[in-house]
Structures are given as structure tokens and as C-alpha cells.
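The numbers here are math on the coordinates, done by the rules we state, and not lab data. What you see is a predicted model, and the numbers here were worked out from it, not measured in a lab. Cβ atoms come from the backbone with ideal geometry, glycine included; neighbour counts cover every protein chain shown.
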Amino acid sequence: MSVRSPGLVDVLDRILDKGLVVAGDIKISLANVELLTLQIRLLVCSIDKAEQIGLNWWKYDRNLSASGHEKELENRELRQKVVELEQELKALAASSGLKGAKPKTKSASK
């Protein structure tokens, strides 16, 4: 019976399944005075493993989770809401009878 060495696919599969953490510190000193310290932490694992250990930030990052179409719809909805709020402010100002209580609006440039 021959023992075969693990191939690259086997090694990657094991790393992604179990996870791999690489940690290191780099310190730069001059004349026993520490000038710079870099702490480097790297975690390599599958998405399933990351979720198991509580790392799922990509689900809540709007730049990663929402498509461009969804963002445009949200922007359109927000613009509509601003228009509605401006109309409500105008109506409140008119009903209160305050002189000169006009909400600021953008004037069209000529």
C-alpha cells in the first residue's frame, strides 16, 4: 500500500474547512526606541466556517450585499420622501399663518 502526499487541492480543502490563522508582529526600533509596531492577523477559511465562528460582516455591508439596482431604488424612494416632507413643511407653514415662514427651496438657475 503506497502513501500519497496530499495535493494542493487537499491542502486547500483542509485549510478552508478547518481555518488557518496567521499572526505576526513587526516592530521597528531605532536606538532602543520603538518607532512603529504592526500587528498582522490573517484568517483564511470558507464562508461556512466563518459564519460558524461568528464572522459574517459581508451580510451587513451595503456595498457588498445590495446590487446597484437596489441602491438606485432606495435613492429614488429617499428623494420622493424628501419631496413629501418639503410639501408637509409648506403646508404646516401655511396653516400656522406665520409671515415669511417659507421653507428654503432650490431656485432654478437660468
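Before moving on, here are some points about what is shown:
- In this rough spin-label picture, where each label sits 7 Å from Cα along the Cβ direction, the Gln87-Leu64 distance is 4.0 nm.
- Phi-derived couplings, Karplus 6.51 cos²θ - 1.76 cosθ + 1.60 at θ = phi - 60°, listed residue by residue for segment 18-35: 8, x, 9, 10, 10, 10, x, 10, 10, 10, 10, 10, 9, 6, 6, 10, 6, 9 Hz, with x used for Gly and Pro.
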